[in-house]
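The structure under discussion appears below in the form of structure tokens.
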């Protein structure tokens, strides 16, 4: 787990990065067309299953929400859970992670496929982790966690106006996140 310490200089750098990213859509990507499947004030919410993830997690469960603030930019909120164990003959270790993240997606019509909304995004999250040992002679339980970055690319394929399947590659409660989004 990569931990990020938020010093004043890093907060300024983070603010600068988000300012530059906010300016990119109007200048650097002006030649790329907005995705016709994403609109200002669209609101999506849905469950996710994550495969792979923080530590050695094999499977994670979560939920994601996105709200369109412009025809190309959506703000996101994500919650996720993952747990995994490994052990020896006499005892095992169990790790549990709760993931909370916020971020933004930039929607572009890169593949030009009808009913497909493609995007790239960035987020900042917090991992609340715990670890416990089943060793009765030397029991252990503790916590860990910290900030993490979530860089992602993904797509949302619409089966109807209000229902879409999603797939996303990124970091968090799963390197590959699959799910369903409902447009409210």
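Read-outs throughout are calculated quantities, based only on the coordinates presented, and are distinct from any laboratory measurement. This structure is a prediction, so every number in the text was calculated from the model and none was measured. Glycine also receives a Cβ, built like all others from the backbone with ideal geometry; neighbour counts cover every protein chain displayed.
A few remarks follow.
- Region 63-184, relative contact order [Cα under 8 Å, separation at least 6], %: 18
- P(r) tail fraction, region 36-183 - alpha-carbon pairs more than 20 Å apart, %: 49
- In nm, spacing of pseudo-spin labels at residue 45 and residue 70 (7 Å Cα→C-beta vector): 2.6
- When its C-alpha radius of gyration is set against 2.2 N^0.38 Å (N residues), region 59-126 gives a value of 1.59.
- Note on region 95-159: Cα-only Rg and Dmax are 18.8, 61 Å.
- Projected label distance in nm at residue 130 and residue 88, using a 7 Å step from Cα toward the beta-carbon: 2.4
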